[in-house]
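Q: Following this message is one structure expressed as structure tokens.
The values are calculated or read from the model by the stated rules, or taken from the named source; none is laboratory data. In this text, all values refer to a predicted model and were calculated from it rather than measured experimentally. FYI the Cβ positions are ideal-geometry reconstructions off the backbone, even for glycines, and counts take in every protein chain you see.
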Amino acid sequence: MDKIRTLLVDDEIELITTMVERLEYRGVEADFAVSGADALEKMKYAEFDVVVVDLKMPGMSGPDIIRAILKNYPKIPILLMTGQGMSLEGEDIPKGIVGYLPKPVNLEELITKMREAIKANG
Amino acid sequence: MVVIEKITSPFRPQTSGDPNIAPPKRYRRLWRFTIIMTMMITFIPLGVMTMVNYHHDQKAYDAEMSYMISQILSNTKRTLEFIMEERMSALALIVREKPFSELADDDCLTSTLRSLKQSFGGFVDLGLIDSNGNQLNYSGPYDLKGKNYKNQSWFHQVYLRGIYVSDVFMGYRNFPHFVITIKYDKEDGDYFVLRATIDMDLINRQIYSLDLEETTDAFIINQNGVLQTASKFYGGLLEESGIDVPTHSRNSVVISESKRGNRRQTQGYAYIKDTPFILMASAYLQNPFQHWASRRSELLWFLGITIVILTIVIIYRSTYMVNRLRASDERHAKTLHNIEYTNKMATIGRMAASVAHEINNPLAIINEKAGLMKDMVSFSPDFPKREKSLDLLTAIENSVERCSKVTHRLLGFSRRMDIRKELIDLENLMREVVSFIGKEAEHRNISVNYNIEINVPSIDSDRGQLQQVFLNIVNNAIAAVKDGGRIDISVRSEDHRSVSVSIADDGSGIPKENLKHIFEPFFSTKGEFGTGLGLSITKEIIDKLGGRIEVVSELNKGTCFTITLPLRT
């Protein structure tokens with residue numbers, strides 16, 4: 001399989017930059033965005049196989065960012081990261097999410113889910 | 001009082017059951033108030049109607065008795081006056097028609113007496129007395145010829161009045177009699193007196209013929225109150241009656257109610273014209289209530305039965321109403337408590353979620369940083385103290401994972417009102433629940449033992465609600481056991497459709513009388529520390545999930561709760 005290209009969207013810059021670095025150690029081509037606008041801007045200039053979005057974000061919320069991305073890129077698989085534990089009860093989850101991971105994220109599991117999502121997407 | 005308590009006990013408002021828990025006095029008061037007010041509203045008009053009936057009956061009875069006395073008096077007066085008048089007229093005719101010389105003749109007087117006896121009856125003898133009081137002639141059973149009556153009061157009376165009727169007396173004859181004397185003025189200015197003795201039997205027969213009842217009496221007194229005939233109530237012949245001689249009246253008079261000793265009586269009198277006789281009649285009145293009760297026995301039976309039926313209906317209805325009210329109040333309070341409890345749990349859930357979320361982000365950063373460092377060490381074979389560093393970083397990761405489990409558990413713990421089904425491994429669930437309160441058990445040295453059957457299937461049920469159920473029961477178990485006690489948790493398959501979880505403790509146990517009430521709302525033995533809702537909500541949740549809860553307990557030995565849940569809710 002080709003190198004995975006992913007965009008991580010989270011306002012926690014300390015977290016996201018570290019995750020990017022660790023993913024690169026594992027051969028994943030990763031970039032990050034700290035807001036919805038930032039993510040949409042980066043997606044204009046680069047192509048990504050999978051996008052990972054945090055659920056709770058200030059300003060444009062995770063579900064709003066997902067809806068905005070899916071509006072422009074309806075086929076792109078999106079994974080959701082959440083600090084809410086294993087339950088998404090009561091959350092406004094848009095259709096099109098292919099999987100979710102509770103924080104703190106297990107990186108190996110994240111990569112597995114990325115591969116599965118890309119594979120399922122064809 | 002004990003009898004009344006026993007009779008009314010089935011009708012009394014229900015209480016919580018436990019004698020140690022004060023019954024709701026409010027409902028007792030309401031129950032008593034309702035019964036008393038309803039009874040007053042019902043029975044007061046009934047009582048008033050009965051009193052009115054009693055009063056009317058009393059008046060009617062008195063009137064009836066007065067009428068009876070009035071009838072006796074007027075009829076007897078008429079008869080006696082007729083008898084007296086008849087005899088006086090006969091004597092007046094004799095003195096007018098027969099000259100003195102004829103009456104002075106023995107044969108003529110004897111013949112006249114015979115005629116009087118045959119025509120009128122009652123005559124005993126006849127005497128002819130001159131103006132000096134000497135009895136010139138006499139016809140009768142005694143030898144009274146020549147007797148002088150000049151100094152006797154009756155002789156003086158007849159001289160003044162022309163006709164005189166004496167009181168009853170015994171005299172020589174030794175039987176009760178009275179005399180009628182009539183004066184006749186001769187043409188020469190002298191006068192003579194004809195004197196007839198009348199047997200009192202003539203009068204007595206009239207009185208006996210009235211055929212009076214035991215409680216009624218008729219008799220004659222003279223104007224000094226001396227009995228002229230025997231009386232049932234006042235004494236024998238010629239005895240003092242003790243009656244105050246009534247004032248003269250031409251007509252009969254009835255005194256509707258008078259007292260004689262403790263007894264009520266109706267009395268009347270009638271003066272017999274031209275005689276010293278006063279006819280008296282009296283009747284004792286029955287005790288008013290006895291009389292009323294005897295005459296209105298059907299009414300009294302009806303009243304009694306009505307009162308009994310109404311009392312039963314009033315007590316039954318009041319009990320039913322108060323119990324309904326109490327049940328409604330309890331439902332209302334339970335709903336309020338449920339809402340309060342739900343709100344509390346929701347608030348705790350929100351707080352837990354908020355705290356967990358805030359902690360998760362820094363935890364994730366620590367995790368990622370440690371992970372990056374681990375990556376850097378792993379990918380650098382020459383990293384100094386590489387193994388030690390990897391161990392340390394792994395320790396950090398493990399700690400983060402432990403923290404992460406705590407935050408995830410907190411996030412998972414929130415009460416949901418609707419059933420959200422998911423596959424639940426009961427062993428994991430029980431361990432998770434115990435871990436919430438594990439510290440207390442640890443501090444009190446309580447051992448929690450698991451006895452999990454192999455291959456117990458997962459159940460499709462609501463995780464959050466089951467957490468709440470088991471947390472409540474395990475909490476109760478921890479509260480019941482002493483320090484160093486034990487709690488045994490078993491999970492096993494019941495059949496192909498259900499699994500059961502038993503939580504047994506070796507604590508104080510539940511008294512038998514409390515055991516049947518523990519699932520009732522507001523039943524608590526924790527005093528002010530318990531709402532009495534824990535087990536009632538527990539049962540409600542289990543019912544909602546299609547399961548059942550059973551409890552076995554022995555005082556001072558322990559309690560075992562068994563919850564059976566269907567594989568699919």
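Q: Of the conditions (1) modelled with pLDDT of 90 or more; (2) exposed (fewer than 14 other Cβ atoms within 10 Å of the Cβ); (3) not in a helix (DSSP H, G or I), B:D418 fails just one. Which one is it?
A: (1)
Q: Restricting to the stretch B:352-393, name every residue that is hydrophobic (A, V, I, L, M, F, W, C) and within 9 Å of another protein chain (Cβ to nearest Cβ).
A: If we filter the stretch B:352-393 for residues that are hydrophobic (A, V, I, L, M, F, W, C), which is where we start, we get B:352-353, B:355-356, B:359, B:363-366, B:370, B:372-373, B:376-377, B:379, B:383, B:390, B:392-393.
Hits for the stretch B:352-393 are B:A353, B:A356, B:I359, B:L363, B:A364, B:I365, B:I366, B:L372, B:M376, B:F379.
Q: While we're looking at this one, here's another question. Does B:I396 count as more than 10 Å from chain A (Cβ to nearest Cβ), under 19 Å from A:K103 (Cβ atoms) and of a type in the set (A, V, I, L, M)? Give the steps one after another, and end with the answer.
A: Working: more than 10 Å from chain A (Cβ to nearest Cβ): yes; under 19 Å from A:K103 (Cβ atoms): yes; of a type in the set (A, V, I, L, M): yes.
When the stated conditions are applied, B:I396 passes them.
This table checks each residue for (1) closer than 28 Å to B:L545 by Cβ; (2) at pLDDT below 90; (3) of a type outside the set (S, T, Y); (4) touching a Lys or Arg at 6+ places or on another chain (Cβ under 8 Å).
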site: B:T347; (1), (2), (3), (4): yes, yes, no, no
site: B:K385; (1), (2), (3), (4): no, yes, yes, no
site: B:D391; (1), (2), (3), (4): no, no, yes, no
site: B:L411; (1), (2), (3), (4): yes, yes, yes, no
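Q: Considering only residues that are acidic (D, E) and without any contact (Cβ under 8 Å) to a residue 24 or more places away in the chain, which ones fall in the stretch B:49-69? Working first, answer last.
A: Step one: of the stretch B:49-69, the residues acidic (D, E) are B:57, B:62, B:64.
Passing the criteria: only B:E64.
Q: Which of the following residues is in contact with a Lys or Arg (Cβ under 9 Å, 6 or more places away or on another chain) and in the same structural domain as B:L113 (by TED's automatic domain parsing): B:F175, B:F169, B:F219?
A: Working: B:F175 fails: in contact with a Lys or Arg (Cβ under 9 Å, 6 or more places away or on another chain); B:F169 fails: in contact with a Lys or Arg (Cβ under 9 Å, 6 or more places away or on another chain).
Unique residue meeting the criteria: B:F219.
Q: While we're on this one: Among the residues of the stretch B:319-326, is any crowded, with 20+ Cβ neighbours inside 10 Å and either of a type outside the set (D, E, K, R) or without any contact (Cβ under 8 Å) to a residue 40 or more places away in the chain (or both)? Don't jump to the end; show me each part of the working.
A: The initial filter retains those residues of the stretch B:319-326 that are crowded, with 20+ Cβ neighbours inside 10 Å, namely B:322.
Next, only the ones that are either of a type outside the set (D, E, K, R) or without any contact (Cβ under 8 Å) to a residue 40 or more places away in the chain (or both) stay: B:322.
Yes, that holds for at least one residue.
Here is a yes/no grid of residues against (1) small (G, A, S); (2) over 21 Å from B:S70 (Cα atoms); (3) surrounded by 15 or more Cβ atoms within 10 Å (Cβ to Cβ):
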residue	(1), (2), (3)
B:R250	no, no, no
B:E257	no, no, no
B:G261	yes, yes, no
B:L279	no, no, yes
B:S282	yes, no, yes
B:L303	no, yes, yes
